[in-house]
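K.L.:
This is the structure I want to talk about, given as structure tokens.
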Amino acid sequence: MADWLDRLDSRVGDGLEAMVCAHHRRRLARHGWSAILPRGEPGQRGWATDGPGGPGLAGRWWSPLAPVRPGNDIRVLVDGAQVLPEIEQAILGAKRFVHIAGWHATPGFRLTRAPGASSLRDLLADAARRVPVRLLLWAGPPLPAFEPTRGDVRRVAAQFCRDSDVHCALDRRERPMHCHHEKLVLVDDQVAFVGGIDLTDLQGDRYDHPGHQPHGVLGWHDSAAVVRGPVVGDVAQHFRLRWAEVTGERVPDAVAPDPVGDTEVQLLRTVPERVYRFRPHGEFTILDGYVRALRQAQRLIYLENQFLWAPEVVDILIDKLRRPPTPDLRVLLVLPARPNNGADTTRGQLGRLVQADDGARRLLAVTVAGVTSDGAAGPQRSGPVYVHSKVGIVDDRWLTVGSANLNGHSLFNDTEVNLAICDTRLVAETRLALWAEHTGAPVSRLRGSSTALIDDLWRPLAEEQTRRVAAGLPRTHGLSLLRGVSRRTERLQGPLRGLLVDG
């Protein structure tokens, strides 16, 4: 009976997913983006199987649908304790203006935790005495189905503006059941922060250290890029276009900064169609960037993300697992143990990946926790860490960091901003920094083969901690296998969600 239900669930899930993907292809085609997802049946799509140098556009790492800007200096910062103080210092040093776009912001949130540190509200109010400060937030859902509600956001906006010159605008131009999700901070059009970190403690405190020592209810793993150079002009112009449509104020067009480094960077976006006049047919270059990079993978696909729902992405991973381009290929996923919504959706997609891997151990899906001891003789303590980072790395050739999750919301329906980089030195350095944090190993130990490191370091650590937790023993490390993968009813949640809300 169970086998019959499994087969039925899989067949219905595949059918629903095919409908979702066909709908997405038709939607993209109507608005001039058909090159991103060519037609085909699941598992037979040319974009999922072409290798480097193959037909069409498979040999290109950059998306041809967005400009590539040379001459940038970029660093990828990991976790709030690294990112947020740099944002604060940039705001304190503002000479012309401060522009912020976010999903949400909390007036009382502190970007540093030194005694007497200013709240975000006071930091921006102080800056607004010197320079214009423009804060663009999502207005919240039309119905109070989830946080932040529109009432909450109105109260927040009033607090930012009360007794200050901060101009806070609320963007209500979202698609139904979706939001404005990008997280941008721009100062003087000279420096931009692009990533996954919201300036809030709603649903979890974004200020956390790479060690993720247990504190409060929930640890928070995240990342962002700080960039200087010509690509800042693209980020700045994107903010201006949204701001003008929401407020009617036309800030003078951004002027790209002079080159300050030697890294090429590409701005990728999701802008749904029929939301803004400046992009009536939308933009889906984040999806294009992921599809093009993942289908070229030869050795390593490394994804840190809050969600893994998108069938267009999962189809490529399945194809790589079933027909690995090299024996060394590994797919390493770092996901939250309990995403704040859609847990069943992610587990259903992971079940598809486990089935495609078929025991070959090319796939490893893990989550992280914070672990600390109260001293040499003290008890070991651990606490959950929410993986909110949105990072993709392929073969140490391509890196993306930004606000986009791997679901239909971020790839088709929310506003999102990512950066893509093909600087092999920077890509490798970013991977090493993340892997050092997650494994606890020094960077010097992580410079070898990514395949060997996953097989001989990541997997043993995660499997050992999973055994300890199952036996009721305290953790000694933060890694563990992602549990609860299902091939049953959860398999249907992703395609059903896509049919209902991805219109």
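K.L.:
Sort out which residues of the stretch 453-480 are among the hydrophobic types (A, V, I, L, M, F, W, C) and surrounded by 20 or more Cβ atoms within 10 Å (Cβ to Cβ), and write them in order of number.
P.N.:
Leu453, Ile454, Trp458, Leu461, Ala462, Leu479
K.L.:
Please pick out the residue among Leu186, Leu170 that is surrounded by fewer than 21 Cβ atoms within 10 Å (Cβ to Cβ) and part of a strand (DSSP E or B).
P.N.:
Leu170
K.L.:
Also, quick follow-up: Take the residues of the stretch 438-452 that are open to solvent by 20 Å² or more (accessible area, probe 1.4 Å) and not hydroxyl-bearing (Ser, Thr, Tyr): which is nearest to Val385 (Cα to Cα)?
P.N.:
Looking at residues that are open to solvent by 20 Å² or more (accessible area, probe 1.4 Å) and not hydroxyl-bearing (Ser, Thr, Tyr), I get Gly440.
K.L.:
Which residues, taken from the stretch 92-113, are in contact with a helix residue (DSSP H, G or I) (Cβ under 9 Å, 6 or more places away or on another chain) and under 18 Å from Asp201 (Cβ atoms)?
P.N.:
Ile100, His104, Ala105, Thr106, Pro107, Gly108, Phe109, Arg110, Leu111, Thr112, Arg113
K.L.:
Okay, next question. Being over 25 Å from Arg96 (Cβ atoms) and among the basic types (Lys, Arg) is the filter; apply it to the stretch 111-164 and report the residue that is surrounded by the most Cβ atoms within 10 Å (Cβ to Cβ).
P.N.:
Arg150
K.L.:
Could you tell me which of the residues Ala117, Ala158, Ala169 is within 20 Å of Gly248 (Cα to Cα), among the small types (Gly, Ala, Ser), modelled with pLDDT of 95 or more and more than 26 Å from the chain's Cα centre (by Cα)? Walk me through it before giving the result.
P.N.:
Numbers: Ala117 fails: within 20 Å of Gly248 (Cα to Cα); Ala169 fails: more than 26 Å from the chain's Cα centre (by Cα).
After ruling out the rest, the residue left standing is Ala158.
K.L.:
Still on this structure: With in a strand (DSSP E or B), open to solvent by less than 20 Å² (accessible area, probe 1.4 Å) and out of contact with any helix residue (DSSP H, G or I) (no Cβ under 6 Å at 6 or more places or on another chain) as the only criterion, which of Leu333, Leu350 stands out?
P.N.:
After applying the criteria, what remains is Leu333.
K.L.:
Now for a separate question. For Asp344, all conditions in the list (1) within 22 Å of Leu37 (Cβ to Cβ); (2) open to solvent by 10 Å² or more (accessible area, probe 1.4 Å); (3) modelled with pLDDT under 95; (4) of a type outside the set (Gly, Ala, Ser) hold save one; what is the number of the exception?
P.N.:
(1)
K.L.:
Pairs needed: first member in the stretch 248-259, without any contact (Cβ under 8 Å) to a residue 60 or more places away in the chain; second member anywhere, not acidic (Asp, Glu); C-beta distance under 6 Å; at least 6 residues apart or different chains.
P.N.:
Cβ pairs passing all conditions: Arg250/Ala244.
K.L.:
Determine, yes or no, whether Pro325 is assigned to a loop (DSSP other than H, G, I, E, B) and under 16 Å from the mean Cα position of the chain (by Cα).
P.N.:
Values: assigned to a loop (DSSP other than H, G, I, E, B): yes; under 16 Å from the mean Cα position of the chain (by Cα): no.
So Pro325 fails the test.
The values are calculated or read from the model by the stated rules, or taken from the named source; none is laboratory data. Since the model is a prediction, treat every value here as computed from it, not as a measurement. Heads up, the Cβs are rebuilt from the backbone with ideal geometry, glycines too, and the neighbour counts pull from every protein chain shown. For accessibility, only protein heavy atoms count, side chains too; no ligands or nucleic acids. Shrake-Rupley method; radii C 1.70, N 1.55, O 1.52, S 1.80 Å.
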